[in-house]
Amino acid sequence: MAENTPIAKNKKYRRIATEEAWAPQELLDMYADLFNSKTLDDPGFNSLWGFYGTSMEPRPATVRRKLADLDEERLADMDAAGIDFAVLALTSPGVQVFDRDTAVAVSRDSNDILKAAIDRHPDRYAGLCAIASQAPELAAQELERCKELGFRGIINNSHTHGEYLSDKKFWPIFEAAEALELPIYLHPNTPPKNMIDPMLEVGLDGAIFGFGVETGMHMLRIITAGVFDQFPKLQFIIGHMGEALPYWMYRLDFMHNAQVSSKRYETLQPLKKKVSDYLKENVYITCSGMAWEPAVKFAQQQIGVDRVMYAMDYPYQYVKQEVVDMDAMDISDADKKLFFEGVATKVFKL
Ligand code: 1DF
Ligand code: MN
């Protein structure tokens, strides 16, 4: 299809894209300053934002411009791709790379900027609330404020300075999220410094692979820590076709049971359900960056058609053709409507 051929308005379902990144120009400037200061001991951040924040190559320059736009260019890009509605989230690592006080302040400011954009375009955007996980109690307060402002969920960009939400000190965030019925999008971050070296030395630390294994592991840590036994109604969303976890379910169940029953690890305790049960009952999956029919079908089969939804990952993977491909999937009209519209409408209460 020619580059500028508009896709016909679809009458059968609204196309909702659910992992769409944005960043205020101020945040992009802070990222560039942080990289340029050479003071941050976080090779993942320096790899990612040293590139996207400062490179003059066409891809990073375009990404920067599109991230900061919440009006004409973004809406035109959505129209050209046939995307009716976008769920917007602060780009990775959000505020999680900053010190505690900076993170708290920038999370509030960015949520206010996003809220203003949603008010300008209420029929096109919903937003996820950015939180400073560095300050769990204040994050819980910000969630209450965001809920009142009409935000539909939470964005958490995986680890925070190498710490994982499985650590109980973060659980006030889960308590608030469950009580407010806000789902948590566990979006990738670059691997932390004690994990990244073998990937970074060959250029596999980013979206090509490092993002996925680090985030998949984070989701597993949350499951095996017993978070969903404590907060059974809490819902997570993971992108990139579930960060490969659907493909791992058989082995996860077998080995989790084998290790727990033989008491191999003090830190691996029995759970009420199988690991795969939590993936089917507490986790939604999006096809961000992975618009691939066989993988979508596998996830729908194994996790459920009521838990798999569309995402584009704009502006990092703005590929209009993938919408055409997903429209043409060989699945029933009812399941396609769930994929593009129904699941997102339910989980984000749109
Ligand atoms: C990239 C990909 C960057 C994704 C992202 O945020 C991101 C990338 C900084 O291509 O480097 O969200 N992604 O989700 O695939
Ligand atoms: Mn993304």
Check: For Ala126, which sequence-distant residues (separation of 5 or more, or a different chain) have an amide H within less than 5 Å of its own amide H, given hydrogens modelled in the peptide plane?
Finding: Ala86, Val87, Leu88
Check: When the dipole is taken about the Cα centre of segment 44-191, and only Lys, Arg (+1) and Asp, Glu (-1) are charged at their Cβ, what size is it in debye, to the nearest 20?
Finding: 280 debye
Checklist line | Projected-area mean, segment 298-350, by convex hull of Cα positions, square nanometres | finding: 4.1 nm²
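Pop out the carbon and sulfur fraction of the accessible area of segment 39-103 as a percent, whole number, probe 1.4 Å. Display every interim value, and only then the final one.
Details: 1320 of 2410 Å².
So the carbon and sulfur contribution to the accessible surface is 55 percent.
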Margin query: Starting from the 7 Å offset along Cα-to-Cβ, what nm value, one decimal, do you get for the label separation of Met56 and Lys263?
Written below: 6.5 nm
Checklist line | Note, ³J(HN,Hα) from phi for segment 175-185, Karplus 6.51, -1.76, 1.60, rounded to Hz, x at Gly and Pro | finding: 4, 5, 4, 5, 5, 8, 6, 10, x, 9, 7
Note to self: How long are the semi-axes of the equivalent ellipsoid of segment 121-244, defined as square roots of 5 times the Cα gyration tensor eigenvalues? Whole Å, largest first.
What the structure shows: 25, 17, 13
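What's the magnitude of the charge dipole for the chain around its Cα centre, counting Lys and Arg as +1 and Asp and Glu as -1 at the beta-carbon? Answer in Debye, nearest 20.
Values: 38 positive and 51 negative charges, 207 e Å.
That gives a dipole near 1000 debye.
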Notebook entry, point to check: Taking the chain as a Gaussian network, where each spring joins two C-alpha atoms under 10 Å apart, which residue of Lys263, Lys297, Lys193 fluctuates the most?
Noted result: Lys263
Item checked: Projected label distance in nm at Lys169 and Ala80, using a 7 Å step from Cα toward the beta-carbon -> 4.6 nm
Notebook entry, point to check: For segment 158-303, rounded, prolate or oblate, judged on the Cα gyration tensor with a ≥ b ≥ c (square roots of eigenvalues), a/c < 1.5 rounded, else prolate if a/b > b/c?
Noted result: rounded
Check: Put +1 on the Cβ of every Lys and Arg and -1 on every Asp and Glu Cβ in segment 1-153; which of Gly94, Tyr13, Pro58 then has its Cα farthest towards the positive end of the dipole?
Finding: Tyr13
Next item on the list: State the Cα centre-to-centre distance between segment 96-129 and segment 212-288 in whole Å.
Entry: 29 Å
Notebook entry, point to check: Mind listing P(r) for segment 218-350? All alpha-carbon pairs, 5 Å bins, whole percents.
Noted result: 2, 10, 20, 20, 18, 12, 8, 6, 3, 1, 0
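Let me know the shape class of segment 221-275, please: from the alpha-carbon gyration tensor, a ≥ b ≥ c as square roots of the eigenvalues, rounded when a/c is under 1.5, otherwise prolate if a/b is greater than b/c, or oblate. If you can, show how the numbers build up before the last one.
On the way: a/c = 2.39, a/b = 1.30, b/c = 1.84.
Oblate is the answer for segment 221-275, as a/c is 1.5 or above yet b/c matches or exceeds a/b.
Mind checking the per residue accessible area of the chain for me, 1.4 Å probe, whole number of Å²?
Working: 15510 Å² over 350 residues.
That works out to 44 Å² per residue.
If the only charges are +1 at each Lys and Arg Cβ and -1 at each Asp and Glu Cβ, what is the size of the charge dipole of segment 168-236 around the Cα centre, to the nearest 20 debye?
The dipole magnitude comes to about 160 debye.
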Next item on the list: List the pair-distance distribution P(r) of the chain, using every Cα-Cα distance, as the percent of pairs falling in each 20 Å bin from 0 up to the bin containing the longest distance, rounded to whole percents.
Entry: 31, 61, 8
Check: Ignoring any ligand, DNA or RNA, what whole percent of the accessible area of segment 117-200 comes from carbon and sulfur when the probe is 1.4 angstrom?
Finding: 50 percent
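Let me know the shape class of segment 1-148, please: from the alpha-carbon gyration tensor, a ≥ b ≥ c as square roots of the eigenvalues, rounded when a/c is under 1.5, otherwise prolate if a/b is greater than b/c, or oblate.
On the way: a/c = 2.65, a/b = 1.33, b/c = 1.99.
Here segment 1-148 falls in the oblate category.
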Margin query: With only alpha-carbon atoms in the gyration tensor, what are the semi-axes of the equivalent ellipsoid for segment 163-232, in Å, largest first?
Written below: 27, 12, 9
Check: Can you give the % of DSSP beta bridges in the chain that are antiparallel, to the nearest 5?
Finding: 5 percent
Checklist line | Cysteines without a disulfide-compatible neighbour (Cβ-Cβ under 4.7 Å), the chain | finding: Cys287
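The values are calculated or read from the model by the stated rules, or taken from the named source; none is laboratory data. Because the structure is a prediction, the values reported are computed rather than measured. With ideal geometry, Cβ positions are generated from the backbone for all residues, glycine too; neighbour counts draw on all protein chains shown. Quick note on the areas: whole protein, heavy atoms, side chains included, nothing else; ligands and nucleic acids left out. Shrake-Rupley method; radii C 1.70, N 1.55, O 1.52, S 1.80 Å.
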